[in-house]
Amino acid sequence: MGAEMSRIDIPMLHNDHIKWAACTLMELADCLGEIASRKNQTAVNRIFDARVAVYYARKVLRQYASDDIKGVRDNNHWNYD
């Protein structure tokens, strides 16, 4: 699993994105807290589970804003192609 598994891009194109990000990040925080408190798993397993949780949060945020992001990219005035 590469480093991208532990990174999250948060789209901020309009107010709904802020609200959605807040909900998603609170849910992620609860999930990571639960993973961190597991005593019956090895550290490697907890890290793997945490990375998977971050990956899914990243996916949820990207999917929510995908149409908006595509619109911004398609209407990019700096694109001289």
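Observations on the model:
- Candidates Ala3, Ala29 - the one that is at pLDDT below 80, among the aliphatic types (A, V, I, L, M) and exposed (fewer than 14 other Cβ atoms within 10 Å of the Cβ): Ala3
- The selection criterion, being crowded, with 16+ Cβ neighbours inside 10 Å and either modelled with pLDDT of 95 or more or on the phi > 0 side of the Ramachandran plot (or both), does not hold for Leu61.
To keep it simple, each residue is scored yes or no on (1) surrounded by 14 or more Cβ atoms within 10 Å (Cβ to Cβ); (2) touching a residue at least 12 places away in the same chain (Cβ under 8 Å).
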| position | (1), (2) |
| --- | --- |
| His14 | no, yes |
| Gly33 | no, no |
| Gln41 | no, no |
| Asp49 | yes, yes |
| Val54 | yes, yes |
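The values are calculated or read from the model by the stated rules, or taken from the named source; none is laboratory data. It should be emphasised that the depicted structure is a prediction, and the values quoted were computed from it without experimental measurement. So basically every Cβ, Gly included, is an ideal-geometry build from the backbone, and we count neighbours across all protein chains shown.
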